[in-house]
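Novice: Have a look at this one before I ask anything.
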Protein chains: 2
Amino acid sequence: MTSVRKVSLDAANRLILDALMADSRTSLRTLAEQAGLSAPAVRERIRQLEEAGVILGYTAQVSWAALGYGLEAIVRIEPLPGRLREVERALREMPQIVQCDAVTGDDCFIARVVLRDVGDLDGVLDPLHVLARTSTAVIKKATIPLRAPPYPDG
Amino acid sequence: MTSVRKVSLDAANRLILDALMADSRTSLRTLAEQAGLSAPAVRERIRQLEEAGVILGYTAQVSWAALGYGLEAIVRIEPLPGRLREVERALREMPQIVQCDAVTGDDCFIARVVLRDVGDLDGVLDPLHVLARTSTAVIKKATIPLRAPPYPDG
DNA sequence: AATGAAAGTGTTTATCC
DNA sequence: GGATAAACACTTTCATT
């Protein structure tokens, strides 16, 4: 899964990556046309990108709102002294936490939570309050929805 | 694009969604086998899920680290009085910001940034410092990589 | 809404450059 | 590393229920 061999990010590979980021169900045939290659050549390049760990996987984006989670929040979590491990375990066991990062600074964890409504907040925060101080910010708007950065350097 | 008509989230649709979230390149034929339906039936269900806004799209997950962005950070941004609009515009124009949410509380924005190394931080933060107070947390580890929450209710 | 079968497309393998 | 072509697999359309 992890990168071992390197793979060049030439123009063709960037076209392939950009196309797959925009629509991961794009056919090899279409990718081949766009990259100016044959379908088997594109297949092989994708295989190498996967093996090198550049492509991690292919996922359908599902609307949490459409599933019934009308709200999202970002919670900063500062574990009480000696409680770091317990906090980490508690976070992992809360299925409404859809993402969590361990970070530098006073707040050891920053988590993204989905909620059916504001009433769901207590259910998430209460179990944490014996282990940590928390600070919650409800998301009003996705100012910048998840997007790809440019290719660095060249 | 946006949800207008409703669509039921029955067992078959959940199987389809789960399979597409795990691998969005899964063939209709395979999805059909798993859901116990024919391929055309699965095609039609996916079309409805897309139309209802449940499925937003299909994307390849690309490793930013493999592209040369070895670091990620989460930046909280509190605009100076009267500078909110300018801050929002500045954020949008920074391509290294891969996600940004407007939130309740003192920090109006919470952004996720990719960096080649710590030296890149100034290039992101300096342009903001005339418009806002910022607070930066470097990500040490993805404690919980992006994951789907359970289906709410029944 | 779903199926099955046929027609149309896309993918894979083998061979060659 | 890439191209071509034939064999194979998948997707779509359509008639039917």
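Novice: Would you mind putting B:23-32, B:138-147 in packing order, based on average other-beta-carbon counts within 10 Å, highest first?
Specialist: Top to bottom by mean Cβ count within 10 Å: B:23-32, B:138-147.
Novice: Using every pair of alpha-carbon atoms in the stretch A:11-51, split the distances into 5 Å bins beginning at 0 and state the percent of pairs per bin, rounded to integers.
Specialist: Pair shares across the bins are 6, 28, 41, 24, 2.
Novice: State, to one decimal in nm and shortest first, how far the label point of B:SER27 sits from each corresponding label point in the other identical copies (label point: 7 angstrom along Cα-to-Cβ).
Specialist: Relative to the other copies, B:SER27 has label-point distances of 1.3 nm.
Novice: List the residue ranges in chain B for DSSP H helices whose C-alpha atoms run 15 angstrom or more along the long axis and whose Kyte-Doolittle average is 0.5 or above.
Specialist: B:11-22
Novice: Taking beta carbons within 10 Å but only from partner chains, what does the mean come to for residues B:92-101?
Specialist: On the way: counts 2, 0, 2, 4, 3, 4, 6, 7, 7, 13.
Mean inter-chain Cβ contacts per residue within 10 Å come to 5.
Novice: Related question: What does the buried accessible surface come to for B and A, summed over both chains, with the probe at 1.4 Å? Round to 100 Å².
Specialist: Numbers: alone 10930 and 10950 Å², together 15790 Å².
Counting protein atoms only, the buried area is about 6100 Å².
Novice: If you don't mind, another one. Under 15 Å from the Cβ of B:LEU115, count the other residues' Cβ atoms, weight Lys and Arg +1, Asp and Glu -1, and hand me the total. Mind dumping the intermediate values first?
Specialist: On the way: positive: B:ARG112, B:ARG116, B:LYS140; negative: A:ASP101, A:ASP153, B:GLU72, B:ASP117, B:ASP120, B:ASP122, B:ASP126.
Around B:LEU115, the charge tally is -4.
Novice: Binning every alpha carbon pair distance of the protein assembly as shown at 10 Å from zero, what are the percents per bin?
Specialist: Reading upward from the zero bin: 6, 23, 31, 28, 11, 2.
Novice: If you bin the C-alpha pair distances of the stretch A:65-138 every 10 Å from 0, what whole percents do you get?
Specialist: Percent of Cα pairs in each bin: 20, 57, 20, 3.
Novice: Follow-up. Once each part is reduced to its C-alpha centroid, what is the distance from the stretch B:1-79 to the stretch A:1-47 in angstrom?
Specialist: 20 Å
Novice: I would also like to ask the following. Scaled to the compact-protein estimate 2.2 N^0.38 Å, what is the alpha-carbon radius of gyration of chain A, rounded to two decimal places?
Specialist: Taking the Cα Rg and dividing by 2.2 N^0.38 Å, one obtains 1.37.
Novice: From the label point of B:VAL118, set 7 Å along Cα to the beta carbon, how far off in nm is each other copy's matching point, shortest first?
Specialist: With the label placed 7 Å along Cα→Cβ, B:VAL118 yields 4.1 nm.
The values are calculated or read from the model by the stated rules, or taken from the named source; none is laboratory data. Predicted, not measured: the structure shown is a model, and the values here were computed from it. Reconstructed Cβ throughout: ideal geometry from the backbone, glycine too, with neighbour counts over all protein chains shown. SASA here: full protein model, heavy atoms, side chains in, ligands and nucleic acids out. Shrake-Rupley method; radii C 1.70, N 1.55, O 1.52, S 1.80 Å.
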